Every structure is written in structure tokens, then in C-alpha cells.
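Colleague: After the C-alpha cells below, expect a handful of questions from me.
The values are calculated or read from the model by the stated rules, or taken from the named source; none is laboratory data. Since we're looking at a predicted model, the values are computed, not measured. Neighbour counts run over all protein chains shown; Cβ positions are idealised from the backbone, glycine included. Accessible surface areas use protein heavy atoms only, side chains included; no ligands, DNA or RNA. Shrake-Rupley method; radii C 1.70, N 1.55, O 1.52, S 1.80 Å.
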Amino acid sequence: MSNRKIKERSIQFCLLGLPIIAIIATLVYVKFIADKSTKAGNKSSQSQVNPFSYDISDLKKVNSELVKYVERGGGVKVPLRRPTAMTIASDNTIYVAGKDRVLQLDLRGQQLQEFAVLGIPISVDIAKNGDMAVCFEEGLMLLDKNNQKIFDVRKFPKNTLFTSVAIEGDSIYVTDAGRRVLIQLNRSGEIVNEIGKRDSDAGIQGFIVPSADFDVIPGNDETVWVVNPGIHQLENYTYDGKLRSSWSAEHVGIQGFSGCCNPTRILLLENGDFVTAEKHIVRVKIYSPTGEFKCVVAAPHKFEDGTVIIDIASDRAGNIYILDSKSEDIRVFEPKMDRDEKK
Amino acid sequence: MKKNDDKKAMDRREFIRTGVRYGCVSLLAAGGLYLTSSRKYGKDSQHKVWQLDPEKCIKCGKCATTCVLTPSAVKCVHVYAACGYCNLCGGYFQPGTKKLTTGGENQLCPTAAIKRTYIEDPYYEYSIDENLCIGCAKCVNGCSDFGNSSLVLQVRHDRCLNCNECNIAKSCPAQAFTRVPSSRPELI
């Protein structure tokens, strides 16, 4: 190539090539360097203090002296994906439910029996005679201890949304968050009563159910305890629908319930004490039969962020079993006293 | 001599040909750049508006402080269908409030933009005065921590300037801001 040609190529490069290089350089700058500086700016602005911060960490702190239970390592492994309900029967076996099945486990998690159910169970309860009631969002099923179906009703009134089931005596009680009533059925699956409707003369305020957390448990002497979650109250109804007693504990501190729909789950211990599980500030506590706060089973720091306590139960020894949505396993909390005594 | 002139003429043609070639490449690059930028900010911005995805929002308070408008175009919006109409409302009352009254010391909102109205025992309705709301998300935090998450932040399009480069979107740590069609401007 002659010198002249080289010169001309150089001129061409200067006139046309350099602007192209400039354009490419600009693009590279815009894409990488400017983006980087924006991200850096974002990072520095992220570190700024939020003048409108909302901090409830103090409410999650619990005096360690109030915690009277200690978690047993390991817990009970649940051989189910996404368990949805749990209970412990009077024979000290665990029933845990998931999609299309209910498993019976011993207290170490060994599977004893499997029951096929169609759908996703929301709640399970076992009667003293071994009958098992399984409730679904819009259905209810009763099986006997030999796995024979007694009834399976899937058609209920419009807006039905079942959240919990309890068997007491010859009746099956189901809480209906959609219609805000406690439904009582007989062993044929027929509705015999709707309990808890507002009745000023009878002193019944009616159930306030802002979300689908509405629990019922068998009481003593053919009664049931139902949570009135909107007003943080536990109400005791007789088999014929009469309000016998109630107690409430509305307080934002550890001694009460706060927020919408608490307690989400309740449990009656043999000594008459209540175990309560809460959402939002996730914790498990114990109250006396008349509603005085007694102690903490599991403080909020025992649960990962976003944990939901699916269900709670207790065995004959008084240990509390918590079905944890994060681990999908059953966590076991033993009374501290027992442990000291064992030593 | 003639041979040299021909060579010169050929070189000139070659020069022009190469020039056109480079010109085309530059034109293509410029066209690509234009298309890229117009896809992001240009033509579509006529039909799209900024909106905040409540699912991604971490309620950091930046909507109140980084919007080019004062007060911010981001406001609290109440999704009534999800509300529990609670007496003890986590979005309305300060955590730890002893008395459930409308006293300023009990209210969580720094500008008292939430109105509490008695419906029937024990239900109360909560509505947002958008002229007072500054989009700080305190109530949204309270509602999600204690309630049904029925209070959410949304960009209000009667105020939003629909900036090409939204200042809040730029600083949002959760990247919760997105462009949505103006025909469906809300994400609730």
C-alpha cells in the first residue's frame, strides 16, 4: 500500500471512524458506568434513615422469666408436603393432614395409619371414641376409627368458608368464617343448629371475623370454646347454643391479644388452662381458665419472619406441639419444670 | 498521466463508497439507540403510567421523600374489601395505644390523614384524606403488621406528573415501581 493510500485511509478513519467510536463509547458509558453510579446513589440513599420508620421490635421482646417452656431438639418430622392441620388424640397419637390424606403418627413421628380424604383439609379433630372429623373449606367429613366413612357432605349454604372443626359428644361443630356462625351437625351430617348469631337479648354480640382465622375446640361437659377473633374473645357455648361464659384479653403487650383475628388457634389443657397461638406477632402463650395471662410457651424470636402457626396440640405429658409453616414440621415445647425435675 | 488520473478517480469512488459504508453503520447504530430508548421511555410513555406494586413494596418511606412533588403523588389507598373494620386498627393507632380514641397522640399517621368513622358496634370504617396523605407508609406498615394488609400505597394519577424517569422509581430499593397501561393504572 502506498503512502498516499495510507494517508487517505487515515483521513477516512478520522472523519468517519472516530465518530462511530465516540457513539459506541457513549453507549458503553450509558449502559454500564451511568447505571453503576445510579445504583451506587441508590445504595447511599438506602442507607439514609427513614423519618417515618415503624418499629414494633419492642413489642416482640419477651422477658425470659415469662417463658416457662423449652423447645425439644428435633421435634417431629412430618412425612407430608405442606401440612395443613394437626391434632393429638386422647390415645396420644398425632394426626396430621395434608392434601388428600391424613396421617396418624406416634409421638416420635412414626407413621401408624393413613386415611384418604378428598381435598385439602383445613382442620382435623378426633373424638374420644376414635371418630375423625375432617373439615375442608366447603365440606365436612366424618370417619370412624376403622377408616369407614360415616358422612361426607360437600354442599353447604352459599358463602360457607369453614375454618375449624371440633367433636364433642354426639355433635360436630364447625366454624364458618364466611357466614360468621358456628354450625352444629349431628352424626348424619345434618345441620341441627347455627350458634353465635347476634342476639342482644341472649347477650350474644355475634362473631366478628375479619379474616379466615376462626377456631373452635371441644370444651368440657358438652360445651365448645370458640374464638371471637375481631374482639379478641373466647366464648363458651353449650350444646344448645347458649353462651355460658367468655373472657377476652385485648392488649398490645404480651399479656393480651392485638391486631386482627387473634388468637388464631386455641387449645384446652387438662387442667383447664388455655394455650393460644397468634399471628402478626407470632407467639404461643398460656392463659388460666378465666383468662389471666400465665406464661409464654414460645416467644416471637423462636419463629422465622413470615411464620404461620398452622395448628397447636398437646400430649398427655403437657408438652405443646406446634405445626410450623416454615419448617413444615412439628416443634415440641416441654415445660421447663419437668426438665428440671427430670434432672 | 491519464493512468494516474484514473487511479485518482477510482480512489475518490472508493473513498465515497467507504464513506457510505461507514455512514450506513453509523445510521444503524443511531437507529438502534433510538429504538432502545424509545421502547424504554418514548412512545410507550404516552400510554403507560408509573405504578407501585404493593406485593413488592417494602414500605421504606421513600415515596414520601423522593417524589418531585410535595406532598408526594403516592398516597395510601384503602382496599375496603380486605378490611376487617376493626376497632383496634393497626393502621390507625400507634402500637401500644392505651385508649382507642381519635386523639392525636393515639394516631399513627403523622398528618392525621386517616378518618375513623363509627359504623356499628364494634365496626369502624377508615378512609384516607388524600390531600393530607404524604405517602409515608406508616399506616401500611401498621396494617400489614397487625391487620389484613388492606392499606396499600399507590401512585395517584390525578397528581403524578408521569416523569420519564420517575425519581421514586430510581431510588426504590425494592424496585416496586413499574410502567402499567393507563387504561389499567392501579395494581390492587
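Colleague: Taking beta carbons within 10 Å but only from partner chains, what does the mean come to for residues A:257-263? Show your work: numbers first, answer last.
Modeller: Numbers: counts 1, 8, 12, 13, 5, 1, 0.
Going residue by residue through A:257-263 and averaging, the value is 6.
Colleague: Follow-up question, since we're still on this one. With all protein chains present, how much of the accessible area of chain A (probe radius 1.4 Å) comes from carbon and sulfur, to the nearest whole percent?
Modeller: Numbers: 8550 of 16920 Å².
Whole-percent figure for carbon plus sulfur exposure: 51.
Colleague: Say R0 is 25 Å: what FRET efficiency, to the nearest 0.05, do A:SER188 and A:GLN113 get from their beta-carbon distance? Provide the component values of the computation, followed by the final result.
Modeller: On the way: r = 25 Å, r/R0 = 1.00.
Between A:SER188 and A:GLN113 the formula returns 0.50.
Colleague: For chain A, with every protein chain kept in place, what is the accessible area per residue (1.4 Å probe, Å²)? Could the numbers behind the result be given before it?
Modeller: Values: 16920 Å² over 343 residues.
Heavy-atom SASA per residue in chain A reads 49 Å².
Colleague: Ok, one more. Over chain B, calculate the relative contact order: mean separation of alpha carbon pairs under 8 Å at least 6 apart, over the residue count, as a percent. Intermediate results must be reported in sequence, preceding the final value.
Modeller: Numbers: 271 pairs, mean separation 62.2, N = 188.
Relative contact order of chain B: 33 percent.
Colleague: Report the accessible surface area buried between chains A and B, summing both sides, using a 1.4 Å probe on protein heavy atoms only, in Å² rounded to the nearest 100.
Modeller: Details: alone 18570 and 12280 Å², together 27580 Å².
So the total buried area for this chain pair works out to about 3300 Å².
Colleague: What average number of partner chain Cβ atoms lie no more than 10 Å from the Cβ of the residues making up A:137-149?
Modeller: On the way: counts 0, 0, 0, 0, 0, 0, 0, 0, 0, 0, 0, 0, 0.
Average per residue, whole number: 0.
Colleague: Identify which of B:GLN107, B:GLN51, B:GLN154 has the largest mean-square fluctuation in a Gaussian network model of chain B, with springs joining Cα atoms closer than 10 Å.
Modeller: B:GLN107
Colleague: Quick check on region A:41-191: what does the Kirkwood estimate of hydrodynamic radius come out to from the alpha carbon pairs, in Å?
Modeller: Values: mean 1/r = 0.0552 Å⁻¹.
Hydrodynamic radius (Kirkwood, Cα pairs) of region A:41-191 is 18.1 Å.
Colleague: List, in the order given, every pair from A:LYS197/B:LYS98; A:LYS279/B:LYS59; B:LYS115/B:LYS138; A:LYS242/A:LYS279; A:LYS60/A:LYS302 whose Cα-Cα distance in the structure shown is over 22 Å.
Modeller: On the way: A:LYS197/B:LYS98 30 Å; A:LYS279/B:LYS59 20 Å; B:LYS115/B:LYS138 15 Å; A:LYS242/A:LYS279 29 Å; A:LYS60/A:LYS302 11 Å.
Distance filter (> 22 Å) returns A:LYS197/B:LYS98; A:LYS242/A:LYS279.
Colleague: Also, I was wondering about something else. Can you pull the Kirkwood radius for region A:133-195, inverse mean 1/r over Cα pairs, to one decimal in Å? The partial results should precede the final answer.
Modeller: Details: mean 1/r = 0.0868 Å⁻¹.
Value: 11.5 Å, from the Cα pair sum.
Colleague: What residues qualify as long-range amide H neighbours of A:GLY75, i.e. H under 5 Å apart, gap of 5 or more or another chain, H built at 1.01 Å from N?
Modeller: A:VAL332
Colleague: Below 10 angstrom from the Cβ of A:ILE330, what's the summed charge of the other residues (Lys, Arg +1; Asp, Glu -1)? Don't skip to the end; give the middle numbers.
Modeller: Working: positive: A:LYS77, A:ARG331; negative: A:ASP311, A:ASP324, A:GLU328, A:ASP329.
Net charge in that neighbourhood comes out at -2.
Colleague: Starting from the Kirkwood radius over alpha-carbon pairs of region B:45-181, derive D by Stokes-Einstein at 10 °C in a medium of 1.306 mPa s and give it in µm² s⁻¹. Numbers along the way, then the final one.
Modeller: On the way: Rh = 15.4 Å.
Using the Kirkwood radius from Cα pairs, D works out to 103 µm²/s.
Colleague: So, by mean Cβ neighbours within 10 angstrom, what's the order for B:137-149, B:17-29, A:289-301 with the highest one leading? Write out the running numbers ahead of the final one.
Modeller: Numbers: B:137-149: 24.3, B:17-29: 12.7, A:289-301: 17.2.
With the highest mean Cβ count within 10 Å placed first, the list reads B:137-149, A:289-301, B:17-29.
Colleague: Moving on. Other chains near A:51-60: what is the mean number of their Cβ atoms within 10 Å of each residue's Cβ? Don't jump to the answer; show the numbers that get you there.
Modeller: Working: counts 5, 16, 7, 15, 2, 7, 0, 2, 4, 0.
For this peptide, the per-residue mean of nearby foreign Cβ atoms is 6.
Colleague: Any idea how far the Cα center of region A:292-328 sits from the one of region A:61-92, in Å?
Modeller: With region A:292-328 and region A:61-92 each reduced to a Cα centre, they are spaced 5 Å.
Colleague: Express the relative contact order of region B:76-175 as a whole percentage, based on alpha carbon pairs under 8 Å and six or more residues apart in sequence.
Modeller: Contact order relative to length: 35 percent.
Colleague: Using a probe radius of 1.4 Å on heavy atoms only, what accessible surface per residue do you get for region B:45-181? Whole Å² is fine.
Modeller: Values: 6110 Å² over 137 residues.
Heavy-atom accessible area per residue stands at 45 Å².
Colleague: May I pose another question? Treating only the Cα positions of the protein assembly as shown as identical point scatterers, give the base-10 log of I(q)/I(0) from the Debye formula at each q in 0.10 Å⁻¹.
Modeller: Normalising to I(0) and taking log10 leaves -0.89.
Colleague: Continuing with the same structure: Mind telling me which of A:GLY130, A:GLY203, A:GLY75 comes out most flexible in a GNM of chain A, alpha-carbon contacts under 10 Å?
Modeller: In the Gaussian network model the winner is A:GLY203.
Colleague: Once you keep just the Cα pairs under 8 angstrom separated by 6 or more residues, what percentage relative contact order results for chain A?
Modeller: Numbers: 729 pairs, mean separation 45.7, N = 343.
This gives 13 percent for chain A.
Colleague: Same structure, new question: Mind putting together the pair-distance distribution for region A:192-289? All Cα pairs, 5 Å bins, whole percent per bin, short to long.
Modeller: 3, 13, 26, 25, 19, 10, 3, 0
Colleague: With a 10 Å cut-off between alpha carbons and a GNM built on chain A, which of A:ALA313, A:ALA22, A:ALA212 moves the most?
Modeller: A:ALA22
Colleague: Hey, another quick one. Select from A:ALA133, A:ALA25, A:THR160 the residue farthest towards the positive end of the dipole of chain A; place +1 on Cβ of Lys and Arg, -1 on Cβ of Asp and Glu, and compute about the Cα centre.
Modeller: A:ALA25
Colleague: In addition: In deg cm²/dmol and to the nearest 500, what is the mean residue ellipticity at 222 nm of the protein assembly as shown if only DSSP H runs of at least 4 residues count, each as -39500 (n - 2.57), divided by the residue total?
Modeller: Numbers: 9 runs with 102 residues, N = 531.
Here the helix-only value at 222 nm equals -6000 deg cm²/dmol.
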